Number of protein chains: 2
Amino acid sequence: MKSVKQFLLNSGEFFGDIGQQKDIVLSSRIRLARNLANHKFPNWANDAERDNIAEVAKSKLNGLKQLNGGVFFKISSLKDYEKLALCEHYMISKDLSLSGSWVACSVDQALSVMINEEDHLRIQVLRGGMGLKALWKIIGTIDDDLDGGDFAFDEKIGYLTACPTNIGTGMRASVMMHLPGLVINKQIQYTIDALNKVGVTVRGTLGEGTEAFGNIFQVSNQHTLGLSEQDIIVKIEHVAKTVMEHEEVARDQIFKSSKAFILDKICRAHGILRSCYRVGGAESFELLSLMRLASERGILPISYRNGIDRYMLEIQKGHLMVFSDDAAISEVRDVMRAKILRKFFSDIDISID
Amino acid sequence: MKSVKQFLLNSGEFFGDIGQQKDIVLSSRIRLARNLANHKFPNWANDAERDNIAEVAKSKLNGLKQLNGGVFFKISSLKDYEKLALCEHYMISKDLSLSGSWVACSVDQALSVMINEEDHLRIQVLRGGMGLKALWKIIGTIDDDLDGGDFAFDEKIGYLTACPTNIGTGMRASVMMHLPGLVINKQIQYTIDALNKVGVTVRGTLGEGTEAFGNIFQVSNQHTLGLSEQDIIVKIEHVAKTVMEHEEVARDQIFKSSKAFILDKICRAHGILRSCYRVGGAESFELLSLMRLASERGILPISYRNGIDRYMLEIQKGHLMVFSDDAAISEVRDVMRAKILRKFFSDIDISID
C-alpha cells in the first residue's frame, strides 16, 4: 500500500486548470453523509460494532470503480503528522483523525470516503475552481454505485444522519474562496454575517472552528433538511457568485483608491518570500495570499498560481513533517518553510515600475 | 556660487575610507565655539549687530586656505528644504537654520563654519571613522589661522561662549556610532545612563533632542569648562573604545545565541529593500542599519558599506527635496525613496544557505 508521503506527492485534481473562476474560487467540494441501516451511528457504537461497520463499508468501496488504484489508510495506523497532513490536504476531517476508522482516497485526490467519522460514510468529491454542478453528477454516480439498498433512508425525511443538521440529503456543498479584497476592505465580517442569515456557513480553511488563514474561506450550506440536492447547489452557486462579485469590486476599489498601499503590501510580501530565513505557517499564508492576488492582477505571472495554491498546502506543519524527518521541531520547520518559498519565488519577478 | 544641490552631490570626507573602526564609528567630529571680543553674543545682538558680526566673520573665512574653493550659503536665502538637507548632511545645526546668518563649507564637506549660531563662529571638522586626534590637529590649525587676537578669551577661564557649558575650550568632540547590537540586546539605555554619569552625552543622529534613527548615536562631551582639549579627546576616544567593545560583544552574542532571529531580520530587511514600493524615512534607517550590520558580518559584501552610509543621508526628506521637485509630498517621497533603495540593493545578493 502507498504511504501518505507517496500519496501527497501526487498532484491533486484541485490544482489542475479544471473548474472556473479560479481567480477567487480555489476549489469546490460536495460531501454526502451516508449510514448503513440497522447499525448504530459511529459515536454510539462500540469497537466491535465499528469494526463491523468498517468491514461492510470497505467491501462496498473495494468494488467502487472510481477508487480504482486508490489507497486505503487505516487511521489508527497513521502517525499523528500523517493524519494532520491528510487533514491539511482536505482528504480527512479532524474528527476522523481523532476517532475514525479508515479513509479511502482516489489517486487523483478528487475523491475521498471516510469511514466512521460522524456518519458511517462520508463521501467527498473535490475539484479546482467553481464546479458544484459537475461534482454533483460525479458524486451522484458514486452514491448510486455504493447504495446497495442498505443505506438508512426514510421516505419522508430522506437520509438519516448522526447529526440532525445533515438529515435529508446528507449533503454539504462548499466552495473555498480567496477573499483578500473583502478582508483588506474590512467587509468580510459583514459578508459572513449576511451569509449566516440566509443559511450559509462561512468557515476557515480547515473546516468547523478553524481560522481563516491566507484570506481563504469555506462557504457552505448550514443544513440540508427540507432542501433538495439541487436547491443546495443552486443556493451555494448563487451565494458564491454574489460573494465573487463583491470580492471583485473590493479588489478594484483597493487597486484604484489605495494603489500605493496594496502595491507596497504585495511587493514587500514578495521581498519577504524571496528573502526570509524563517517564516511561520500563518504568516506564509498571508504572504502567499498576496502573491495569489498579485497573480490575478497581472503583477505576477498567472502561470505561478497553481504553484502558489500548492504551496498553501505543502508549507503546513503536517506536510512538512511527512516530507522531512527534521520537521518535528517548530523552529526547524520555519527555516525549512522559508527555504522552500525562497526557492520557488527566486525565479519569479514582479515589475511595478 | 554653488547651489546646495551641487554641493550635496559631492562625496563628503566622511564617506571615504579614512578613519578607523568604521564598522562601528561612522564619523568623528570636533567643533569649536568662538566669539569676537566686544560683540554681543548672537542671541543678544540686534540685526545690525549680527550683520556686522557676519561681515567680520566672513572676511576672516575668506582668507582661510582650508575653505579654498568652498561655498558660502546665506541662511535667509535658502529654501526650507535646502536648510534641512544641510542639517541632515551635518553641515549646519537646526539652530543655525532657524536664526543663523551664514555657513561656509569646504568642498570636501570636511569643514564647515557656522556664523551666528549660538556663538559668532562654530567651526566644525568631520571625517569618516574614528579620528579625533587627527581632527584636533586639523581644527587647531584652522583655529590659529582664524584667530586674529580678536576672539573673546579670558586668561583664567578660557574662551567665552554664549552657553556656559561651552566655556573654556569651546570644544565639543563627538563620534557617531552605529550600535545595533546594544539596541537589539536592550543594553542601550543602560549604556546611555552610564555614559551620562561620567559627563558624556549620547544623542540622536541630528544632535540635541533628536531621535536615534537606524541605531546611530552621537557620543560627545557634556561640558568643556575645566578640561583641556586633550582631556576631552582622550575621554571621548576612551569612551568610544569602551562602547565599541560592548557593541562587539553584543553583536557576537546575538549572532551566537539568536542566530536564526538575526539572520531572518537581516534577510527580511534585504528583501524589503529590494522590493518595497514605498518606505518611510524612519523605517529605511532601520533597514539600512541591518544592512550595515550584515556588511560587517560578511553576509553582505563590505564594499557596499560606503553606499549604505551615503544612502542613510540621501534618503532623508531634505536631500530628496533638493534632488527632486516632486519630493515635496510625503507620499511621493516614500515611493521615490523605495525606488532609490530598490535600485541600489537589486545588485546586492546575500547568501545564507
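Annotations for the structure displayed:
- Label geometry 7 Å along the beta-carbon vector: B:Phe255 inter-copy distances in nm: 4.4
- Footprinting exposure proxy ranking of B:Glu314, A:Glu331, B:Glu247, fewest other C-beta atoms within 10 angstrom first, gives A:Glu331, B:Glu314, B:Glu247.
- Across peptide B:261-269, the average count of Cβ atoms from other chains found within 10 Å of a residue's Cβ is 5.
- Nearest-to-axis residue of chain A, judged by beta-carbon position, where the axis maps A onto B, in Å: A:Gly271, 2
- DSSP loop trypsin sites (Lys or Arg not before Pro) with at most 10 other Cβ within 10 Å excluded, longest remaining stretch of chain B: B:187-353
- In loop segments of region B:201-300 as defined by DSSP, there are no chymotrypsin sites (Phe, Trp or Tyr not before Pro) with at most 11 further C-beta atoms inside 10 Å of their C-beta.
- Cα gyration tensor shape of chain B, rounded if a/c is under 1.5, else prolate or oblate by comparing a/b with b/c: oblate
- Across the identical copies, how the A:Asp147 labels are spaced - nm, sorted shortest first, 7 Å along Cα→Cβ: 10.8
- Nearest-first distances (nm) between copies at A:Asp326, label 7 Å from Cα via Cβ: 4.5
- Remark: relative contact order (region B:4-250) = 24 percent; criterion is Cα-Cα distance under 8 angstrom and separation of 6 or more residues.
- The overall shape of region B:226-353 is oblate: from the C-alpha gyration tensor, with semi-axes ordered a ≥ b ≥ c, the ratio a/c is 1.5 or greater and a/b is no larger than b/c.
- Mean residue ellipticity (222 nm) of chain A, computed from DSSP H runs ≥ 4 via -39,500 (n - 2.57), nearest 500: -14500 deg cm²/dmol
- Cβ charges +1 (Lys, Arg) and -1 (Asp, Glu), total dipole of region A:4-250, debye: 200 debye
- Cross-link pairs exceeding 27 Å between alpha carbons, from the set A:Lys5/A:Lys65; B:Lys186/B:Lys241; A:Lys58/A:Lys156; B:Lys2/B:Lys235; B:Lys133/B:Lys317: A:Lys58/A:Lys156; B:Lys2/B:Lys235; B:Lys133/B:Lys317.
Each value in this text was obtained by applying a stated rule to the coordinates, not by laboratory testing. All of these numbers come straight from a predicted model, not from anything done at the bench. FYI the Cβ positions are ideal-geometry reconstructions off the backbone, even for glycines, and counts take in every protein chain you see.
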